[in-house]
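Here is the structure we will look at.
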Amino acid sequence: MYEELKIVCWPDPRLKRRSRRVELFDSSLQALTERMFLLMRESKGVGLAAPQVGLNIRLFVMNATGQPGDDRIYVNPVLSEPSGEETAEEGCLSLPAMHVNIVRSKSIRITAQDLSGRTFEESESGYVARIWQHEYDHLEGTLLTDRMGAGARMTNRKLLKELEDQYRAEHPSADARKHVGMK
Ligand code: ZN
């Protein structure tokens, strides 16, 4: 039922929405995460949030190592107890070819539900904590474009223009500027 899903790119308006909580934990959720893992691996990503496949629900998948045993699923995640700060380069499957330095909390706690609705908690620092924060941002409608500084925006201006043109070409009826509130 999810074979049609593909990764959507900026400035698709679905990436800018705040996603709603998952209330129903049925088998379709499992099918969705399987599709998301497939798309994530195809694009060599380490994380993928539901809005990135056009679904505005609070769910993301990730795999920080590339090992099959390290697939992780977080439904209705909440971040807490952020500590420290660290700057590192990030990319995003919805902003292909863009790499920007982003400040994140060094360590953080996540409380989330699994596919059966069971609540669990984890604490991590470094790379995994960074992926959590990046993917959580997607559920709030926040993208790297919202977090990067004026310098990075300038550096990536051409790339963003190309993505905008591509979106307009694929969605002739949509007024991308209006949807994303571009200046
Ligand atoms: Zn992303």
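The values are calculated or read from the model by the stated rules, or taken from the named source; none is laboratory data. Computed from a predicted structure; not experimentally measured. As a convention, Cβ positions derive from the backbone with ideal geometry for all residues, glycine included, and neighbour counts pool all protein chains shown. For the accessible areas, the whole protein counts, side chains as well, though only heavy atoms, and no ligand, DNA or RNA atoms are used. Shrake-Rupley method; radii C 1.70, N 1.55, O 1.52, S 1.80 Å.
Kirkwood Rh and Cα-based Rg: tell me the resulting Rg over Rh for the range 1-76, rounded to two decimals. The partial results should precede the final answer.
Values: Rg = 11.9 Å, Rh = 12.7 Å.
Here the Rg-to-Rh quotient is 0.94.
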Subject >> Within-11-Å neighbourhood charge of Gln133 [Cβ basis; K, R +1; D, E -1] >> reply: -2
Subject >> Heavy-atom accessible surface of the chain: percent carbon and sulfur, 1.4 Å >> reply: 49
Subject >> At least 30 Å along the helix axis (C-alpha) and Kyte average at least 1.6, DSSP helices within the chain >> reply: none
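Under 8 Å for C-alpha pairs, at least 6 residues apart: give me the relative contact order for the chain, rounded to a whole percent.
Details: 310 pairs, mean separation 45.5, N = 183.
Once divided by the residue count of the chain, the mean separation gives 25 percent.
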Original post:
Accessible area per residue of the chain at 1.4 Å probe, in Å²?
Top reply: 53
